Amino acid sequence: MNLGVVVAIDGPAGAGKSTIAKALADDLGLEYLDTGAMYRGVTFEVLKRGLEATDVDAVGRVAREIHFTQTRNTLSVNGVDATAAIRTPAVDAAVSHVAANSAVRDELRKRQRQWISEHGGGVVEGRDIGSVVFPDATLKVYLVATPMVRAQRRVAQHGGDVVEIARAIAERDERDSTRSDSPLRQMPDAVVVDTSDRSVAEVIAEIRALLAARQPQGST
Ligand code: DC
């Protein structure tokens, strides 16, 4: 199956994945898929139904039955606009439990692959895109930034106390990197790009150059 150009953007929370992935998709004229929003969408529905995020069977059922409508900047869950609700502290706190659930991961992975095949490629951001979802991606980028920069970015976006947010990010990273099913990890064939002290334009230029070097001349 020819999936077209697939750029995998993985990395920890606050490394700049969404900003970079969207800007890159614009720049290249490709579609953009935020897979974290899907894990957040399942978490939103779980909390809405009053279920425990750690209830493996019930949460797995929610993932299999859920209906998403996802656009570049919005997510509806079973017909309800959840764009803002998937970014609340309650969802932040519960989502890594939902993301550790193998039934949820199996289901969402299937939907992500289907999305890419329907859209003929795209820029896909997440934690396991280059390692598990698209191991044959055209380019794998692993974005990093210092813990303080990552916490400050979250504060700039959503407010809050920087020390408290740094602690919450560290906890989530720990759970995302130590879970048994497709943990966050840097693949040997991924290119590490540090976004700490660089502009979006600089990072995009670097990724474009990396992509050009991987594609035969004359192809998109
Ligand atoms: O990128 P984000 O903060 O929106 O991701 C939300 C959570 O989902 C985060 O705890 C990691 C998890 N996630 C994952 O396990 N696999 C993905 N492909 C994307 C996100």
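The values are calculated or read from the model by the stated rules, or taken from the named source; none is laboratory data. Since the model is a prediction, treat every value here as computed from it, not as a measurement. All Cβ positions, even for glycine, are placed from backbone atoms using ideal geometry, and neighbour counts span all protein chains on display. All accessible areas refer to the heavy atoms of the entire protein, side chains included, with ligands and DNA or RNA removed. Shrake-Rupley method; radii C 1.70, N 1.55, O 1.52, S 1.80 Å.
Here are the numbers for this structure:
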| read-out | value |
| --- | --- |
| Within a Gaussian network of the chain (alpha carbon springs, distance under 10 Å), most fluctuating of V149, V80, V192 | V80 |
| Over region 113-220, relative contact order from alpha-carbon pairs under 8 Å, at least 6 apart, % | 36 percent |
| Exposure of R49 as accessible area (Å², to 10), given a probe of 1.4 Å and all protein chains | 110 Å² |
| For Y32, distant residues with modelled amide H under 5 Å away | V123 |
| The chain, relative contact order [Cα under 8 Å, separation at least 6], % | 33 percent |
| 1.4 Å probe accessible area per residue over region 70-220, in Å² | 50 Å² |
| Helix runs (DSSP H) in the chain reaching 18 Å along axis by Cα, Kyte-Doolittle at least -0.5 | 35-48, 200-214 |
| Exposure of I20 as accessible area (Å², to 10), given a probe of 1.4 Å and all protein chains | 10 Å² |
| For the chain, built as a Gaussian network whose Cα springs stay under 10 Å, the top-fluctuating residue of A99, A21, A156 | A156 |
| Among D161, D189, D81: highest mean-square fluctuation, GNM of the chain, C-alpha pairs under 10 Å | D161 |
| Gyration tensor (Cα) of region 108-155, equivalent ellipsoid semi-axes in angstrom | 26, 12, 9 |
| Computed label-point distance, nm, for sites T146 and H158 using a 7 Å Cα→Cβ extension | 2.3 nm |
| Per-residue [θ]222 nm for the chain (sum of -39500 (n - 2.57) over DSSP H runs n ≥ 4, rounded to 500) | -16000 deg cm²/dmol |
| Share of alpha-carbon pairs per 5 Å distance bin for region 82-199, given as whole % | 2, 10, 17, 20, 22, 18, 9, 2, 0 |
| Area projected by the alpha carbon convex hull of region 145-220, averaged over all directions, nm² | 7.1 nm² |
| Under 5 Å, built H, 5+ apart or other chain: amide partners of T146 | S196 |
